Protein chains: 2
Amino acid sequence: MELTGSSIIAGEMQTTSADFYAINPVDGEKLQPGFAEADGTLVDAAVTAAERDFDAYRMLPLPERADFLLEIGDQLEAGRSDLVDRAGLETGLPQPRLEGELTRTVNQLKMFADFVRDGAFLQTRIDPAQPDRQPLPRPDLRMTQIPLGPVAVFGASNFPFAFSVAGGDTAAALAAGCPVIVKGHPAHPGTCELAAQAIVAAVKKCGMPQGVFSLLQGSSHQLGGQLVKHPLVRAVAFTGSQAGGRALFDLAANRPVPIPVYAEMGSVNPIYVLPGALAEGGEELANAYADSVALGVGQFCTNPGLLFVVKSPELCSFAAAIEQRMQVAPVAPMLHAGIKRNYRQGFEQLQQRKGINFCAGNAPKGDDCLATPALLQTSGERFLVDPQIAEEVFGPSSVMVVCESIEQMLECATALQGQLTATVHATEGETQTCRKLFSLLERKAGRLLYNGFPTGVEVCHSMVHGGPYPATTDSRSTSVGTEAIRRFLRSICLQNFPPSLLPLELQR
Amino acid sequence: MELTGSSIIAGEMQTTSADFYAINPVDGEKLQPGFAEADGTLVDAAVTAAERDFDAYRMLPLPERADFLLEIGDQLEAGRSDLVDRAGLETGLPQPRLEGELTRTVNQLKMFADFVRDGAFLQTRIDPAQPDRQPLPRPDLRMTQIPLGPVAVFGASNFPFAFSVAGGDTAAALAAGCPVIVKGHPAHPGTCELAAQAIVAAVKKCGMPQGVFSLLQGSSHQLGGQLVKHPLVRAVAFTGSQAGGRALFDLAANRPVPIPVYAEMGSVNPIYVLPGALAEGGEELANAYADSVALGVGQFCTNPGLLFVVKSPELCSFAAAIEQRMQVAPVAPMLHAGIKRNYRQGFEQLQQRKGINFCAGNAPKGDDCLATPALLQTSGERFLVDPQIAEEVFGPSSVMVVCESIEQMLECATALQGQLTATVHATEGETQTCRKLFSLLERKAGRLLYNGFPTGVEVCHSMVHGGPYPATTDSRSTSVGTEAIRRFLRSICLQNFPPSLLPLELQR
């Protein structure tokens, strides 16, 4: 596969100019080729093509839609070495991680293919006619689901495959029957183009209408805004920062015709370790926690940014074990220099707050993109008076909040804002406290974990990768798992339709 | 049941003052007693009580929640004659209609009671652990639904029972496990108070926590705004005008923590009569159409405000039959003088537009609240250049759009904005055209009807009473039928929970 540096509109490469480049985070060097910044004309061309081909796409038999998803997966596999090589250059992520992420991305497409083929996602309901009912007869009423229309997808920087061009949002929207226009992440434009080429190849091979997919390349906020405000766009999926997600949400809510924005904006994913679990878990628990903080250089939405413990004699050796583990964690590059800069600034600002002390690991330093894990420490009392401590610092750091008592720990849980996940570590003897804690935490998070770690998001039917604001802009949605398809569907009711007019799934 | 003129906050009557009165629309006279306008302090008291009792309510076993819904229905039945009498005075609606609407309201509560007791609404999913999976084991993952929290409900004027204090939105939110704060409609405050007393009696009898329900009485927009902006309110349900719904939507979207607003704002519910159906249906079709326009003095969200036909020889006698039927329609009072005034103004403005002619029935006139059905006429050509013709005029009028051809009719369908319903009348020989039309209309509406009329919304599992904007602010929702419960729920995932911590519905 060759890179052109162009956006791809309904299968067509556009004229190019070198407006921006990907940067290798490891050596700071520009990567060739240059990429052209898409403009309003291309946005309109992409969305108009999507709208034009929406009916043809959504009305295809479900097995054809499923085969198309599988073919995208096959095309990604065919381009695997190119994809992994380019993503490695653009993100600095190690090859095994990228290989695994690409496999996950292909599996997501397979999962949605199976889900679509099965048809159960249409959640059909039938209330048969009751012609003799008194005082009025009941008509025949049948419910199915229809797709919303063209969907704008904004890829994330931290998962160049799984949350990018051919990632979960694209797979879910295509599975629902919606054409997709991706705004590629400017940190990995080459990876974006290669993935888009794979999708375009699948479109051609499966004879899909070409408007079903377009990729817009660009590094400006303006481009994203134009896309969200285009009248023919019907929904938006986004993974990234709180500022970015909220900006798109506001644009969409202020449209003459508002549209849903599913922005997954990350969170601090608190972990609560009850005293018994701390005493019992000891070094093993400390290691697992330090590893979860360090995983992917802390660049996961589910990175545990807060650890709540209760003052105890064992705390000292627990912290010492974390320190030991963090000191041997590999030094690794963050995704790009900007992320590292933000991490360093965020960490330093947090460290300067009243009542915050350095505890373990290494504070971020230098102008390169390298980082290792670090742990700060504060008291439950400080946490309750300073909401800034609970703000996300994107990177491999975490704050240990030492509470005076279980009661203060519960108070800290009540004070939390919305989260993707919340975790409790407890022994069997602590079930009562654990239940109390979970009853508070279930109002705060989309996923609750018992004796585990939030990093690692399983792609399956029961997954909820979402949560109350500001974890997402729509707490009723998930961006991972089959339930993610519901974001792009709405119910429709057909009244007294003759069999010849009923869609296949309602013909019984 | 005695009227106090007070808001009811968590079971408690408040001090009263006569700030506003209900008006009998038939004679324009004030009805006693006066009602006190709730203020920000009462809003805060109601919402705080709802939040305080949310956990206790949502954690009750589902059968207790179901019994509570049934008891509300029983209490409404016990107050039936008071409710119907007062609603008759406040709305001018005829007794049989009110009796029927109250029965429907009780049936809605029963339907949700059954639905909650059954538990299937929790849509549980289980992905069992796979400890031996390679390269990584899969944890045990289980999904269920949890309620969002306190819900603000705004009642409509046109259904004083079914879309008011104890109506569908309240039933759905309580069924979901959410406390409800109703902002009563100021056109029928006495009916609101009586229904609220019935709910409070059910709260007491069932031993529910009292914060589960409050009624705020008031006639100001400010009150509604305060309620929607209260930080502890988690969702809003509204039935009413487009201006009102959009205003609440904007307030909610601009909150620091945005919340969903489910505003059902009505629509013009177009009916398409294909040439064969017109020729075959003749007078019977004309009568049924005129009756649907006249039903409830045109004060239904599903009132058919647009009729599309194709020029044909039969059109003349079809219009004559409509004229005849409309002339014998009973003169009836609209809900209040303001609605009649708006209807007259809207009708007159529409009639003055270029290319609009009077066709049948009687134009609204006078300062009283009386009205009879009326039909205006225009051409497909005018419809396509003047979007104002498609705007809702709330009342018993409709516009017949005479198209040059089927093609023009399809063009008119493409030009439509979002609708609650869209209807096609066709013969068996017209199935091809009908299919084409429905494929356009299904992108526009929440419910499609074949050879029927949109008035009459069945309360059942398959009903969708919703549709794309501006029919609603959230096309993925319905405000009628069991699916309406989903508006107040979100998915949650529990990872590796021991059986002792799993909720009942996930213990298997």
Q | Selection from the stretch B:59-97 of residues that are β-branched (Val, Ile, Thr) and out of contact with any helix residue (DSSP H, G or I) (no Cβ under 7 Å at 6 or more places or on another chain) | A | B:Thr91
**Q.** Exclusive hit being in contact (Cβ under 8 Å) with a residue 40 or more places away in the chain and open to solvent by 10 Å² or more (accessible area, probe 1.4 Å), set A:Ala484, A:Ala390, A:Ala415, A:Ala422
**A.** A:Ala390
Q. Are any residues in the stretch B:96-129 in contact (Cβ under 8 Å) with a residue 24 or more places away in the chain and among the acidic types (Asp, Glu), and if so, which ones?
A. B:Glu101, B:Asp114
Q: Pick out, from the stretch B:380-480, the helices (runs of 4 or more DSSP H) lying fully within it that include 1 or more residues that are under 29 Å from A:Pro499 (Cα atoms) and within 12 Å of another protein chain (Cβ to nearest Cβ).
A: B:406-415, B:431-441
Q: Please enumerate the residues belonging to the stretch B:33-57 that are in contact with a helix residue (DSSP H, G or I) (Cβ under 9 Å, 6 or more places away or on another chain), open to solvent by 50 Å² or more (accessible area, probe 1.4 Å) and either closer than 19 Å to B:Ser219 by Cβ or modelled with pLDDT under 95 (or both).
A: B:Glu37, B:Asp39
Q: Select from the stretch A:189-225 the residues that are open to solvent by 10 Å² or more (accessible area, probe 1.4 Å) and over 20 Å from the mean Cα position of the chain (by Cα) and list them in ascending order.
A: A:Gln197, A:Val200, A:Ala201, A:Lys204, A:Lys205, A:Cys206, A:Gly207, A:Met208, A:Pro209, A:Gln210, A:Ser220, A:Gln222
Q.
Take B:Val310 and tell me if it is surrounded by 23 or more Cβ atoms within 10 Å (Cβ to Cβ), in contact (Cβ under 8 Å) with a residue 12 or more places away in the chain and touching a helix residue (DSSP H, G or I) at 6+ places or on another chain (Cβ under 9 Å).
A. no
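For (1) open to solvent by 30 Å² or more (accessible area, probe 1.4 Å); (2) in the same structural domain as A:Pro186 (by TED's automatic domain parsing); (3) of a type in the set (A, V, I, L, M, F, W, C); (4) touching an Asp or Glu at 6+ places or on another chain (Cβ under 9 Å), each residue gets a yes or a no:
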{"position": "A:Gln108", "(1), (2), (3), (4)": "no, yes, no, no"}
{"position": "A:Phe112", "(1), (2), (3), (4)": "no, yes, yes, no"}
{"position": "A:Ala120", "(1), (2), (3), (4)": "yes, yes, yes, no"}
{"position": "A:Asp140", "(1), (2), (3), (4)": "no, yes, no, yes"}
Q: Just give me the residues in the stretch B:176-221 being of a type in the set (Ser, Thr, Tyr) and over 18 Å from B:Leu102 (Cβ atoms), in sequence order.
A: B:Ser214, B:Ser219, B:Ser220
Q | Subset of the stretch A:147-161 that is facing another protein chain (nearest Cβ under 10 Å) and open to solvent by 10 Å² or more (accessible area, probe 1.4 Å) - its residue that is farthest from A:Ser219 (Cα to Cα) | A | A:Pro147
(Q) Criterion first (surrounded by fewer than 23 Cβ atoms within 10 Å (Cβ to Cβ) and touching a residue at least 40 places away in the same chain (Cβ under 8 Å)) does B:Leu315 satisfy it? (A) yes
Q. Residues of the stretch A:495-508 being surrounded by fewer than 24 Cβ atoms within 10 Å (Cβ to Cβ), outside any loop (DSSP other than H, G, I, E, B) and facing chain B (nearest Cβ under 8 Å), which ones?
A. A:Ser500, A:Leu501
Q: Can you tell me which residue among A:Leu136, A:Leu141 is at pLDDT below 95, farther than 23 Å from A:Asp55 by Cα and within 12 Å of chain B (Cβ to nearest Cβ)?
A: A:Leu136
Q. In this structure, does B:Glu411 turn out to be modelled with pLDDT of 95 or more and either more than 20 Å from A:Phe54 (Cα to Cα) or out of contact with any Leu (no Cβ under 8 Å at 6 or more places or on another chain) (or both)?
A. no
**Q.** Residue count, the stretch A:481-494 (criterion: farther than 22 Å from B:Gly481 by Cβ and at the interface with another protein chain (Cβ under 9 Å from one of its Cβ atoms))
**A.** 2
Q) Out of curiosity, is A:Ser398 more than 17 Å from the chain's Cα centre (by Cα) and within 29 Å of A:Thr482 (Cβ to Cβ)? A) no
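Conditions (1) assigned to a helix (DSSP H, G or I); (2) touching a Ser or Thr at 6+ places or on another chain (Cβ under 8 Å), marked per residue:
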site: A:Ser164; (1), (2): no, yes
site: A:Asp169; (1), (2): yes, yes
site: A:Pro186; (1), (2): no, yes
site: A:Gly190; (1), (2): yes, no
site: A:Leu194; (1), (2): yes, no
site: A:Lys204; (1), (2): yes, no
site: A:Leu215; (1), (2): no, yes
(Q) Among the numbered criteria (1) at pLDDT below 95; (2) part of a loop (DSSP other than H, G, I, E, B); (3) open to solvent by 10 Å² or more (accessible area, probe 1.4 Å); (4) in contact with an Asp or Glu (Cβ under 9 Å, 6 or more places away or on another chain), which one does A:Gly355 miss? (A) (1)
(Q) Please go through (1) on the phi < 0 side of the Ramachandran plot; (2) open to solvent by 10 Å² or more (accessible area, probe 1.4 Å) for B:Leu274 and return the number of the only condition it doesn't satisfy. (A) (2)
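The values are calculated or read from the model by the stated rules, or taken from the named source; none is laboratory data. Quick caveat: nothing in here was measured; it's all calculated off a predicted structure. Cβ: placed from backbone, ideal geometry, glycine included. Neighbour counts: every protein chain shown. Only protein heavy atoms, including side chains, enter the accessible area calculation; ligands, DNA and RNA are left aside. Shrake-Rupley method; radii C 1.70, N 1.55, O 1.52, S 1.80 Å.
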